[in-house]
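> Here it is, the structure in full.
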Amino acid sequence: MRTESAIRCRGAVWDWLAQPTALFGGVYGLLVSSSAVAALTQFGETSRAARMDDALWVLFTALASALAHGYAHQIAHRDAQGHPGVRGVVRAVLAEWPLVVAALPTTLVLWGAGLGWWRSIGIEYVAFGINTVLLLGWGLLAARAAGRTWGRAVRIGCIDALLGMAVALVSTLLK
């Protein structure tokens, strides 16, 4: 039996996740980590130690992207915001936390391979697949938040996942 407070809490979480900032950060973080994972396939390193390094690389790439995006956002909106200087930059960077959180599944999959929890050979493909499913989820969430029907939202989510993977692959090919 659901209580009214549980329903209200679920609605609050839904509303929070459907905010443009969370959606943007989630999708952007998945694209960053997917691009990083796609780049890993070019190097062919599959040892456990290499996977630990890969996990750190993905995490630091996400952190650097959050820092760069937050800093650029602060500069672009300097006149409109009432938080100039270092404090404003710190707030803008901290607001990018959804980007870093979105990269954590990839980081954890690679880290687990580095710890020997599962095979490290081919784990980048597993991480890439997980990111594809997560992109589908974000697309579905955004479409439902925009009022689309479930059928249409699923189609939109699938297209978003395909586009996201195409962006990650093209980004990797350009490097």
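> Only one of these conditions is not met by R148: (1) modelled with pLDDT of 90 or more; (2) under 20 Å from the mean Cα position of the chain (by Cα). Which number is it?
Against the list (1) modelled with pLDDT of 90 or more; (2) under 20 Å from the mean Cα position of the chain (by Cα), R148 comes up short only on (2).
Per-residue answers, yes or no, for (1) in contact (Cβ under 8 Å) with a residue 40 or more places away in the chain; (2) over 26 Å from I156 (Cβ atoms):
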position	(1), (2)
H69	yes, no
V90	no, yes
L99	yes, no
A103	yes, no
S120	yes, yes
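> Sticking with this one: Those residues that are surrounded by fewer than 19 Cβ atoms within 10 Å (Cβ to Cβ) and either touching a Phe, Trp or Tyr at 6+ places or on another chain (Cβ under 7 Å) or within 16 Å of Y125 (Cα to Cα) (or both), I need them from the stretch 145-166; list them, please.
Filtering the stretch 145-166 for residues surrounded by fewer than 19 Cβ atoms within 10 Å (Cβ to Cβ) gives 145-152, 154-156, 158-159, 162-163, 166.
L162, A166 - these are the residues of the stretch 145-166 that are surrounded by fewer than 19 Cβ atoms within 10 Å (Cβ to Cβ) and either touching a Phe, Trp or Tyr at 6+ places or on another chain (Cβ under 7 Å) or within 16 Å of Y125 (Cα to Cα) (or both).
> Also, quick follow-up: Considering each of V93, V86 in turn, give the residue that is open to solvent by 40 Å² or more (accessible area, probe 1.4 Å), part of a helix (DSSP H, G or I) and at pLDDT below 90. Explain how you work it out, then say what you get.
On the way: V93 fails: open to solvent by 40 Å² or more (accessible area, probe 1.4 Å).
Selected residue: V86, the only one of V93, V86 that is open to solvent by 40 Å² or more (accessible area, probe 1.4 Å), part of a helix (DSSP H, G or I) and at pLDDT below 90.
> Restricting attention to the stretch 129-138, which residues are modelled with pLDDT of 90 or more, of a type outside the set (S, T, N, Q) and open to solvent by less than 80 Å² (accessible area, probe 1.4 Å)? Give the derivation first.
First pass over the stretch 129-138, keeping only residues modelled with pLDDT of 90 or more: 129-137.
Retained after the next criterion (residues that are of a type outside the set (S, T, N, Q)): 129-130, 133-137.
Scanning the stretch 129-138 gives G129, I130, L134, L135, L136, G137.
The values are calculated or read from the model by the stated rules, or taken from the named source; none is laboratory data. Predicted model, so just to flag it, every value in this text is computed and none were measured. Please note: Cβ atoms are built from the backbone with ideal geometry, for glycine as well, and neighbour counts cover all protein chains shown. Heavy atoms of the whole protein, side chains included, go into the accessibility calculation; ligands, DNA and RNA do not. Shrake-Rupley method; radii C 1.70, N 1.55, O 1.52, S 1.80 Å.
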